[in-house]
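Colleague: For reference, the structure I am asking about is given below.
The values are calculated or read from the model by the stated rules, or taken from the named source; none is laboratory data. Computed from a predicted structure; not experimentally measured. Every residue, glycine among them, receives a Cβ derived from its backbone with ideal geometry; neighbour counts consider all protein chains shown. Calculation scope for accessible area: heavy atoms of the full protein, side chains included, ligands and nucleic acids excluded. Shrake-Rupley method; radii C 1.70, N 1.55, O 1.52, S 1.80 Å.
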Amino acid sequence: MNFDIPLFPESASSLASQVDNIYFFALGVSVVFSVLIAGTIFFFASRYKRRRVDEMGTPEQTNMMLELTWSVIPLLIMLFMFAWGTKVYLESYRVPRDADQYYVVGKRWMWKFQHPEGNREINTFHVPKGRPIELIITSEDVIHSLFIPAFRMKRDAVPGRYNTAWFEATKTGTYDIFCAEYCGTEHSLMVGKVIVMEPYEYDDWLQGNKPEQSLASSGAELFEAKACHTCHRLDSNARAPILANIAGKPRLLQNGKTVDATDTYLRESIMNPKAKIVAGYQPIMPTFQGQLTEEQLLELISYIKNLGADQAQTPADPAAEG
Ligand code: CUA
(Lines give C-alpha, C1' and ligand atoms only; values in the text may rest on other atoms or scores of the structure.)
Protein backbone atom coordinates (compact mmCIF):
# COMPACT_ATOMS: atom_id res chain seq x y z
CA MET A 1 0.00 0.00 0.00
CA ASN A 2 1.21 3.46 -0.81
CA PHE A 3 0.08 6.20 1.50
CA ASP A 4 1.13 9.47 -0.02
CA ILE A 5 1.02 11.85 2.92
CA PRO A 6 2.71 15.11 1.97
CA LEU A 7 4.50 15.97 5.19
CA PHE A 8 6.31 18.90 3.70
CA PRO A 9 5.43 21.06 0.68
CA GLU A 10 7.75 21.26 -2.30
CA SER A 11 10.18 24.16 -2.54
CA ALA A 12 9.38 26.02 -5.74
CA SER A 13 10.24 29.67 -5.14
CA SER A 14 13.33 31.74 -4.54
CA LEU A 15 12.21 32.32 -0.96
CA ALA A 16 11.22 28.76 -0.12
CA SER A 17 14.64 27.40 0.88
CA GLN A 18 15.37 30.48 2.99
CA VAL A 19 12.12 30.02 4.91
CA ASP A 20 12.85 26.29 5.28
CA ASN A 21 16.35 26.94 6.64
CA ILE A 22 14.94 29.16 9.39
CA TYR A 23 12.22 26.62 10.10
CA PHE A 24 14.61 23.70 10.46
CA PHE A 25 17.09 25.76 12.48
CA ALA A 26 14.33 26.75 14.93
CA LEU A 27 13.11 23.17 15.01
CA GLY A 28 16.66 21.93 15.71
CA VAL A 29 17.15 24.43 18.54
CA SER A 30 13.80 23.38 20.04
CA VAL A 31 14.69 19.70 19.87
CA VAL A 32 18.15 20.19 21.41
CA PHE A 33 16.84 22.24 24.32
CA SER A 34 13.78 20.02 24.89
CA VAL A 35 16.00 16.92 25.11
CA LEU A 36 18.55 18.74 27.26
CA ILE A 37 15.97 20.06 29.74
CA ALA A 38 13.78 16.94 29.88
CA GLY A 39 16.88 14.72 30.15
CA THR A 40 18.29 16.82 32.97
CA ILE A 41 14.98 16.66 34.86
CA PHE A 42 14.91 12.86 34.72
CA PHE A 43 18.60 12.53 35.53
CA PHE A 44 18.40 14.82 38.57
CA ALA A 45 15.14 13.26 39.74
CA SER A 46 16.71 9.84 39.93
CA ARG A 47 20.15 10.95 41.15
CA TYR A 48 19.00 13.28 43.93
CA LYS A 49 15.83 11.56 45.03
CA ARG A 50 15.15 11.17 48.74
CA ARG A 51 16.42 7.78 49.89
CA ARG A 52 15.36 7.78 53.55
CA VAL A 53 12.28 9.30 55.11
CA ASP A 54 14.33 11.53 57.41
CA GLU A 55 16.85 12.63 54.74
CA MET A 56 17.30 16.42 54.52
CA GLY A 57 18.79 18.27 51.53
CA THR A 58 21.69 20.73 51.87
CA PRO A 59 21.23 24.21 50.31
CA GLU A 60 23.46 24.79 47.26
CA GLN A 61 25.59 27.90 46.77
CA THR A 62 24.57 29.94 43.70
CA ASN A 63 27.02 29.46 40.87
CA MET A 64 27.21 32.78 39.06
CA MET A 65 29.13 31.48 36.05
CA LEU A 66 26.63 28.70 35.51
CA GLU A 67 23.67 31.11 35.77
CA LEU A 68 25.26 33.50 33.29
CA THR A 69 26.13 30.73 30.84
CA TRP A 70 22.63 29.32 30.59
CA SER A 71 21.16 32.81 30.25
CA VAL A 72 23.57 34.33 27.76
CA ILE A 73 23.88 31.40 25.34
CA PRO A 74 20.11 31.08 24.74
CA LEU A 75 19.90 34.89 24.45
CA LEU A 76 22.52 34.90 21.71
CA ILE A 77 20.76 32.08 19.87
CA MET A 78 17.42 33.93 20.09
CA LEU A 79 18.93 37.19 18.86
CA PHE A 80 20.52 35.35 15.96
CA MET A 81 17.16 33.81 15.02
CA PHE A 82 15.46 37.20 15.34
CA ALA A 83 17.94 38.91 13.02
CA TRP A 84 17.84 36.07 10.51
CA GLY A 85 14.04 35.93 10.53
CA THR A 86 13.77 39.69 10.13
CA LYS A 87 16.06 39.65 7.11
CA VAL A 88 14.01 37.00 5.31
CA TYR A 89 10.72 38.58 6.40
CA LEU A 90 11.70 41.95 4.94
CA GLU A 91 12.82 40.27 1.75
CA SER A 92 9.47 38.53 1.44
CA TYR A 93 7.69 41.89 1.67
CA ARG A 94 10.03 43.94 -0.53
CA VAL A 95 8.69 43.50 -4.06
CA PRO A 96 11.47 43.64 -6.70
CA ARG A 97 11.18 46.71 -8.91
CA ASP A 98 11.06 44.75 -12.14
CA ALA A 99 8.19 42.49 -11.04
CA ASP A 100 5.17 42.12 -13.33
CA GLN A 101 1.86 43.02 -11.68
CA TYR A 102 -0.91 40.45 -11.45
CA TYR A 103 -4.22 40.99 -9.68
CA VAL A 104 -5.93 38.50 -7.40
CA VAL A 105 -9.51 38.80 -6.20
CA GLY A 106 -10.85 36.45 -3.54
CA LYS A 107 -14.57 35.75 -3.57
CA ARG A 108 -16.69 33.19 -1.75
CA TRP A 109 -15.55 30.65 -2.83
CA MET A 110 -13.06 31.10 -5.61
CA TRP A 111 -9.84 32.80 -6.60
CA LYS A 112 -9.82 35.10 -9.62
CA PHE A 113 -6.53 35.98 -11.31
CA GLN A 114 -5.89 38.72 -13.85
CA HIS A 115 -2.78 38.86 -15.98
CA PRO A 116 -1.43 42.25 -17.07
CA GLU A 117 -2.08 41.20 -20.69
CA GLY A 118 -5.78 40.90 -19.83
CA ASN A 119 -6.08 37.10 -19.43
CA ARG A 120 -8.42 36.06 -16.68
CA GLU A 121 -8.47 32.79 -14.79
CA ILE A 122 -10.47 31.26 -11.98
CA ASN A 123 -8.82 28.85 -9.51
CA THR A 124 -6.02 28.23 -12.00
CA PHE A 125 -3.06 30.52 -12.28
CA HIS A 126 -0.44 30.19 -15.02
CA VAL A 127 2.87 31.88 -14.29
CA PRO A 128 6.31 31.90 -15.89
CA LYS A 129 9.32 30.45 -14.12
CA GLY A 130 12.21 32.73 -13.16
CA ARG A 131 10.39 36.05 -13.35
CA PRO A 132 9.48 38.06 -10.26
CA ILE A 133 5.71 38.29 -10.00
CA GLU A 134 3.89 40.82 -7.88
CA LEU A 135 0.41 39.95 -6.67
CA ILE A 136 -2.01 42.72 -5.81
CA ILE A 137 -4.59 41.01 -3.69
CA THR A 138 -8.06 42.05 -2.64
CA SER A 139 -11.44 40.52 -1.83
CA GLU A 140 -14.94 41.36 -2.95
CA ASP A 141 -16.71 40.04 0.13
CA VAL A 142 -15.03 38.79 3.32
CA ILE A 143 -11.41 38.30 4.37
CA HIS A 144 -9.68 35.44 2.60
CA SER A 145 -6.02 34.53 2.57
CA LEU A 146 -4.06 33.47 -0.49
CA PHE A 147 -1.73 30.66 0.47
CA ILE A 148 0.70 28.93 -1.89
CA PRO A 149 2.69 26.53 0.32
CA ALA A 150 5.24 25.59 -2.37
CA PHE A 151 6.22 29.26 -2.59
CA ARG A 152 6.06 29.75 1.21
CA MET A 153 3.77 32.68 0.45
CA LYS A 154 0.61 33.70 2.28
CA ARG A 155 -1.18 37.02 2.21
CA ASP A 156 -4.62 38.15 3.37
CA ALA A 157 -7.19 39.26 0.82
CA VAL A 158 -9.02 42.09 2.58
CA PRO A 159 -12.08 43.83 1.13
CA GLY A 160 -11.49 47.50 0.38
CA ARG A 161 -7.73 47.43 0.22
CA TYR A 162 -4.88 45.97 -1.76
CA ASN A 163 -2.23 43.81 -0.18
CA THR A 164 0.85 42.97 -2.17
CA ALA A 165 2.93 39.84 -2.20
CA TRP A 166 5.51 38.50 -4.59
CA PHE A 167 7.28 35.34 -5.60
CA GLU A 168 9.69 34.06 -8.18
CA ALA A 169 8.99 30.47 -9.13
CA THR A 170 12.10 28.35 -9.50
CA LYS A 171 10.61 25.04 -10.65
CA THR A 172 8.03 24.18 -13.27
CA GLY A 173 5.06 22.15 -12.10
CA THR A 174 1.61 22.39 -10.57
CA TYR A 175 1.24 23.53 -6.99
CA ASP A 176 -1.64 23.99 -4.55
CA ILE A 177 -3.39 27.23 -3.78
CA PHE A 178 -5.40 27.35 -0.56
CA CYS A 179 -7.55 29.84 1.26
CA ALA A 180 -6.02 30.20 4.71
CA GLU A 181 -8.68 32.29 6.41
CA TYR A 182 -12.00 30.77 7.44
CA CYS A 183 -14.55 32.43 5.16
CA GLY A 184 -17.71 30.36 5.36
CA THR A 185 -19.26 27.05 4.40
CA GLU A 186 -17.05 26.23 1.43
CA HIS A 187 -13.81 27.68 2.80
CA SER A 188 -12.11 24.31 2.51
CA LEU A 189 -13.14 24.09 -1.15
CA MET A 190 -11.65 27.46 -1.98
CA VAL A 191 -8.60 25.93 -3.57
CA GLY A 192 -6.77 26.16 -6.85
CA LYS A 193 -3.63 25.32 -8.75
CA VAL A 194 -0.73 27.49 -9.77
CA ILE A 195 0.95 26.21 -12.92
CA VAL A 196 4.57 27.23 -13.33
CA MET A 197 5.74 27.11 -16.95
CA GLU A 198 8.96 27.82 -18.79
CA PRO A 199 8.83 31.46 -19.95
CA TYR A 200 8.47 30.50 -23.64
CA GLU A 201 5.62 28.09 -22.77
CA TYR A 202 3.96 30.81 -20.77
CA ASP A 203 4.23 33.24 -23.67
CA ASP A 204 2.67 30.60 -25.93
CA TRP A 205 -0.10 30.09 -23.41
CA LEU A 206 -0.74 33.84 -23.30
CA GLN A 207 -0.93 33.98 -27.09
CA GLY A 208 -3.17 30.92 -27.25
CA ASN A 209 -5.61 32.44 -24.77
CA LYS A 210 -5.34 35.96 -26.04
CA PRO A 211 -8.05 38.13 -24.53
CA GLU A 212 -9.74 40.86 -26.55
CA GLN A 213 -7.84 43.54 -24.75
CA SER A 214 -5.41 44.21 -21.95
CA LEU A 215 -6.45 45.16 -18.46
CA ALA A 216 -5.46 48.77 -19.07
CA SER A 217 -7.40 49.11 -22.32
CA SER A 218 -10.51 47.62 -20.68
CA GLY A 219 -9.96 50.32 -18.09
CA ALA A 220 -9.69 52.98 -20.80
CA GLU A 221 -13.09 51.96 -22.17
CA LEU A 222 -14.60 51.98 -18.73
CA PHE A 223 -13.05 55.39 -18.05
CA GLU A 224 -15.05 56.71 -20.96
CA ALA A 225 -18.20 54.70 -20.31
CA LYS A 226 -18.40 56.04 -16.77
CA ALA A 227 -17.72 59.56 -18.10
CA CYS A 228 -14.59 59.96 -15.96
CA HIS A 229 -12.92 61.66 -18.92
CA THR A 230 -15.36 64.57 -18.88
CA CYS A 231 -13.77 65.91 -15.68
CA HIS A 232 -10.36 64.22 -15.63
CA ARG A 233 -9.39 65.94 -18.86
CA LEU A 234 -5.87 66.65 -19.88
CA ASP A 235 -6.16 70.44 -20.18
CA SER A 236 -5.22 72.75 -17.37
CA ASN A 237 -8.78 74.06 -16.86
CA ALA A 238 -10.06 70.62 -16.00
CA ARG A 239 -12.20 70.44 -12.89
CA ALA A 240 -10.43 67.36 -11.67
CA PRO A 241 -6.79 66.36 -11.31
CA ILE A 242 -4.89 65.12 -14.34
CA LEU A 243 -4.28 61.44 -13.77
CA ALA A 244 -1.25 60.82 -15.98
CA ASN A 245 1.90 60.02 -14.02
CA ILE A 246 0.33 60.17 -10.57
CA ALA A 247 0.48 56.47 -9.69
CA GLY A 248 2.94 55.80 -6.90
CA LYS A 249 3.82 59.48 -6.57
CA PRO A 250 3.10 61.72 -3.57
CA ARG A 251 -0.11 63.79 -3.73
CA LEU A 252 -0.54 67.06 -1.84
CA LEU A 253 -3.98 67.20 -0.24
CA GLN A 254 -6.20 70.12 0.67
CA ASN A 255 -5.52 69.58 4.38
CA GLY A 256 -1.80 70.06 3.78
CA LYS A 257 -0.94 66.40 4.18
CA THR A 258 0.78 64.32 1.55
CA VAL A 259 -0.15 60.78 0.61
CA ASP A 260 1.33 58.38 -1.90
CA ALA A 261 -0.95 57.45 -4.79
CA THR A 262 -0.91 53.73 -4.06
CA ASP A 263 -3.44 51.32 -5.52
CA THR A 264 -5.41 51.55 -2.28
CA TYR A 265 -5.43 55.36 -2.57
CA LEU A 266 -6.66 55.19 -6.17
CA ARG A 267 -9.38 52.76 -5.17
CA GLU A 268 -10.50 54.96 -2.29
CA SER A 269 -10.55 58.02 -4.54
CA ILE A 270 -12.99 56.22 -6.85
CA MET A 271 -15.22 54.65 -4.20
CA ASN A 272 -15.07 57.43 -1.62
CA PRO A 273 -13.76 60.52 -3.46
CA LYS A 274 -14.35 62.92 -0.59
CA ALA A 275 -12.01 61.06 1.74
CA LYS A 276 -8.88 62.70 0.35
CA ILE A 277 -9.24 65.88 -1.72
CA VAL A 278 -6.24 66.92 -3.80
CA ALA A 279 -5.10 70.49 -3.09
CA GLY A 280 -6.63 73.02 -5.47
CA TYR A 281 -9.76 71.02 -6.34
CA GLN A 282 -13.36 71.00 -5.14
CA PRO A 283 -14.97 67.85 -3.70
CA ILE A 284 -17.38 67.49 -6.63
CA MET A 285 -16.75 63.90 -7.68
CA PRO A 286 -19.63 61.48 -7.02
CA THR A 287 -18.97 58.15 -5.40
CA PHE A 288 -18.83 55.00 -7.49
CA GLN A 289 -19.63 52.76 -4.53
CA GLY A 290 -21.82 49.91 -5.70
CA GLN A 291 -21.41 50.81 -9.36
CA LEU A 292 -18.15 49.04 -10.08
CA THR A 293 -17.09 45.46 -9.50
CA GLU A 294 -13.69 44.72 -7.98
CA GLU A 295 -12.54 43.63 -11.45
CA GLN A 296 -13.66 46.90 -13.00
CA LEU A 297 -11.83 48.81 -10.28
CA LEU A 298 -8.68 46.89 -11.12
CA GLU A 299 -9.14 47.77 -14.80
CA LEU A 300 -9.48 51.45 -13.98
CA ILE A 301 -6.48 51.38 -11.66
CA SER A 302 -4.42 49.54 -14.25
CA TYR A 303 -5.45 52.17 -16.83
CA ILE A 304 -4.49 55.05 -14.52
CA LYS A 305 -1.13 53.43 -13.76
CA ASN A 306 -0.46 52.97 -17.46
CA LEU A 307 -1.23 56.64 -18.11
CA GLY A 308 2.10 57.29 -16.49
CA ALA A 309 3.94 54.55 -18.31
CA ASP A 310 3.62 55.96 -21.83
CA GLN A 311 4.17 59.57 -20.68
CA ALA A 312 1.47 60.54 -23.16
CA GLN A 313 -0.80 63.53 -22.84
CA THR A 314 -3.51 61.62 -24.71
CA PRO A 315 -5.72 58.84 -23.34
CA ALA A 316 -4.46 55.30 -23.94
CA ASP A 317 -7.37 54.72 -26.29
CA PRO A 318 -7.32 57.44 -28.99
CA ALA A 319 -11.03 56.85 -29.66
CA ALA A 320 -11.75 58.16 -26.20
CA GLU A 321 -10.80 61.66 -27.21
CA GLY A 322 -13.54 64.08 -28.18
CU1 CUA B 1 -11.75 32.10 1.40
CU2 CUA B 1 -11.40 30.73 3.29
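Colleague: Of the residues A45, A225, A275, which exhibits the maximal mean-square fluctuation in a Gaussian network model of the chain defined by a 10 Å Cα contact cut-off?
Modeller: Result: A45 has the largest fluctuation of those listed.
Colleague: Gap in Å between the Cα centre of the stretch 159-177 and the Cα centre of the stretch 236-299?
Modeller: One Cα centre to the other: 28 Å.
Colleague: Further question: Run the numbers on the chain and let me know its relative contact order in percent, using alpha-carbon pairs under 8 Å that are six or more apart.
Modeller: 15 percent
Colleague: I'd like the trypsin sites (Lys or Arg not before Pro) in the stretch 30-84 restricted to DSSP loop residues with at most 15 other Cβ atoms within 10 Å, sorted by number.
Modeller: Listed in order of number, the matching sites are K49, R50, R51, R52.
Colleague: In addition: Excluding S13 itself, what net charge comes from residues whose Cβ is under 14 Å from its Cβ, given Lys and Arg +1 and Asp and Glu -1?
Modeller: Once positives and negatives cancel, what remains is 0.
Colleague: What ranking of I5, I133, I73, I242 comes out by heavy-atom accessible area, probe 1.4 Å, highest first?
Modeller: Largest accessible area first, the residues go I5, I73, I242, I133.
Colleague: Please sort by residue number the chymotrypsin sites (Phe, Trp or Tyr not before Pro) in the stretch 1-62 whose DSSP state is loop and whose Cβ has at most 12 other Cβ atoms within 10 Å.
Modeller: F3, Y48
Colleague: Can you pull a Stokes-Einstein diffusion coefficient for the chain at 20 °C (1.002 mPa s), Rh from Kirkwood over Cα pairs, as a whole number of µm²/s? Could the numbers behind the result be given before it?
Modeller: On the way: Rh = 23.7 Å.
The diffusion coefficient I find is 90 µm²/s.
Colleague: Given the options M78, S145, L307, identify the residue whose Cα lies farthest towards the positive end of the charge dipole of the chain (+1 on Cβ of Lys, Arg; -1 on Cβ of Asp, Glu).
Modeller: M78
Colleague: Kirkwood Rh, Cα Rg: Rg to Rh for the stretch 125-182?
Modeller: Numbers: Rg = 11.7 Å, Rh = 12.0 Å.
Checking Rg against Rh, the ratio lands at 0.98.
Colleague: Got a number for the accessible area of S14? Probe 1.4 Å, square angstrom, nearest 10.
Modeller: 50 Å²
Colleague: For the stretch 90-104, in order, what is each residue's ³J(HN,Hα) by Karplus, 6.51 cos²θ - 1.76 cosθ + 1.60 with θ = phi - 60°, in whole Hz (x at glycine and Pro)?
Modeller: Karplus-based 3J(HN,Hα) across the stretch 90-104 equals 4, 4, 5, 9, 8, 6, x, 4, 8, 5, 7, 9, 10, 10, 10 Hz.
Colleague: What does the net charge come to around A247 if you take all other residues with beta carbon closer than 11 Å to its beta carbon, with K and R at +1 and D and E at -1?
Modeller: Here the charged neighbours net out to +1.
Colleague: Kindly report the accessible area of the stretch 172-288 per residue (heavy atoms of protein chains, probe 1.4 Å, no ligands, DNA or RNA), in Å².
Modeller: Result: 56 Å² per residue.
Colleague: Given springs between every Cα pair under 10 Å in a Gaussian network model of the chain, which of K257, K305, K154 has the largest fluctuation?
Modeller: So, out of K257, K305, K154, the one fluctuating most is K257.
Colleague: Mind checking the alpha-carbon convex hull of the stretch 167-257 and giving the volume per residue in Å³?
Modeller: 249 Å³
Colleague: How much accessible area per residue does the stretch 1-89 have, in Å², with a 1.4 Å probe?
Modeller: On the way: 7830 Å² over 89 residues.
It amounts to 88 Å² per residue over the stretch 1-89.
Colleague: Taking the Cβ of L292 as the centre, find all other residues whose Cβ is under 12 Å away and add up their charges (Lys, Arg: +1; Asp, Glu: -1).
Modeller: -2
Colleague: Holding the Cα-Cα limit at 32 Å, pick out from K112/K171; K210/K276; K154/K249 the pairs that are longer than that.
Modeller: Result: K210/K276 exceed 32 Å.
Colleague: Calculated from DSSP H runs of 4 or more alone, at -39500 (n - 2.57) each and per residue, what is the 222 nm mean residue ellipticity of the chain, nearest 500?
Modeller: -11500 deg cm²/dmol
Colleague: Additional query: Rounded to the nearest percent, how much of the accessible area of the stretch 1-158 (1.4 Å probe, protein heavy atoms only) is carbon and sulfur?
Modeller: Ligands and nucleic acids excluded, carbon and sulfur give 65 percent.
Colleague: If you keep only loop residues by DSSP, which trypsin sites (Lys or Arg not before Pro) in the stretch 186-242 have at most 16 other Cβ atoms within 10 Å of their Cβ? Mind dumping the intermediate values first?
Modeller: Working: sites: K193, K226, R233, R239; in loops: K226, R233, R239.
Those that pass, being in a loop and sparsely packed, are K226, R233, R239.
Colleague: Which cross-chain or sequence-distant (5 or more) residues have an amide H under 5 Å from the amide H of W111, H modelled 1.01 Å from N in plane?
Modeller: HN-HN under 5 Å from W111: N123.
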